[in-house]
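Okay, so here's the structure we're looking at.
The values are calculated or read from the model by the stated rules, or taken from the named source; none is laboratory data. None of the values given here were measured: they were computed from a predicted structure. A quick note on method: Cβ atoms are made from the backbone with ideal geometry, for glycine too, and the neighbour counts reach across all protein chains shown. Side chains are part of the model used for accessible areas, which takes the heavy atoms of the whole protein and leaves out ligands, DNA and RNA. Shrake-Rupley method; radii C 1.70, N 1.55, O 1.52, S 1.80 Å.
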Amino acid sequence: TNFAVSNQTCGAGNQVVGIDAAGKVTCAAEKDTTYSGANFVISNQGCPGGQYVSGFNASGGVSCALDTNTLYSGTNFATSNQACAPGQHVLGISATGAVTCTADANSGGTVTSITAGTGLSGGTISTSGTIAADTSYLATLGTAQTFTAAKTFNLNTLTTTGIYYLNSGSSNFTVAGSKYVVGQTNAAGYQYTKALDTPTLANLCGDPDGCFVTIAMYNWDGTGETASRGPYKWFYNTSNNRWRLSDTDSAGIDGNGATQHIINAWSCYFTDSFYVAGTDSNDTALGFGLLNWNQYPASTTECRLIFED
């Protein structure tokens, strides 16, 4: 009553369909013991040449139909082995696959020969040949030549462009060599430090020959006069931030926590610290700047630094 009793079977052609309350199996005739075309397509079938399988019938046999695309003609593709006559080109393809041709308007030109002109050698060419420079007439590079007549040579002057940064603006000027000029008026930064461009200073002054630096004060009294000191030779070691100035022998280290003025002229200072409204940051950060102090407080007073490599 709990399980089917062991060691039971159904007769040949029968299958177990259930278990009764006494644990005995109940049997019934086994279905689908054989399979035919009603279940699957029968194996080993094919269609004759020129036909293809179009379906399967209820008995498992394939159905065949005529293959109308076994042959291709000019209605499908351009026919092979075609060409246009000389002086013509392919214009299109007809419905039968034949190419249509038309005259090539660019098949020929009007030039029949080329004659070498002044400064050239090679003669008249009607089919093929070479035209070259006539070195007896033209000056050439890398070749020793003697000039038998007077010649005038104009030398282009090599110039570079300097950038003059004044307050928040800038302007270009032509210089003979590499320069960096920075200016600031009291109107834009009285007792403020204007930061200098460190990569530019490193480029001009961080090499073995250092740079020349001039400090100037302009228009402190409204007359447009410039007073300056220098130029001095300034060396800047970019690997350890040490600097030294010639003549005065002033030296220091940028970013060492102690303000050091490299050079000053009256109210203008080249310094390694930054001031805001007269308050010193005590060189707590790397970098150099131009400072307008209070000796000449007129708004027209402009301090300048000029660096030359």
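For the range 266-309, the spread of Cα coordinates along the three principal axes comes to 32, 30, 14 Å, biggest extent given first. Please give me the summed charge of the neighbours of Asn292: other residues whose Cβ is under 13 Å from its Cβ, Lys and Arg +1, Asp and Glu -1. With Lys, Arg at +1 and Asp, Glu at -1, the neighbours total +1. As a ratio to 2.2 N^0.38 Å, the alpha-carbon radius of gyration for the range 191-309 is 1.02. With contributions of -39500 (n - 2.57) from each DSSP H run of at least four residues, the per-residue ellipticity at 222 nm computed over the chain stands at -1000 deg cm²/dmol. Listed peptides 45-53, 300-308, 199-207 appear in the order 300-308, 199-207, 45-53 once ranked by packing, highest mean of other Cβ atoms within 10 Å at the front. Counting only heavy atoms of the protein chains and using a 1.4 Å probe, Ser171 has close to 60 Å² of accessible surface. For the pair Thr226 and Ala150, a Förster radius of 41 Å applied to the C-beta separation gives a FRET efficiency near 0.30, rounded to the nearest 0.05.
Principal axis extents of the Cα atoms in the chain, from largest to smallest and rounded to whole angstrom, are 126, 99, 38.
Accessible surface for the chain, divided over its residues, is 65 Å² per residue with a 1.4 Å probe. In a simple Cβ point-charge model (Lys, Arg +1; Asp, Glu -1; nothing else charged), the chain has a dipole of about 520 debye relative to its Cα centre. Simple rule: put +1 on each Lys or Arg Cβ and -1 on each Asp or Glu Cβ in the chain, find the dipole, and look at Gly189, Asn2, Phe77; the Cα lying farthest toward the positive end is Phe77.
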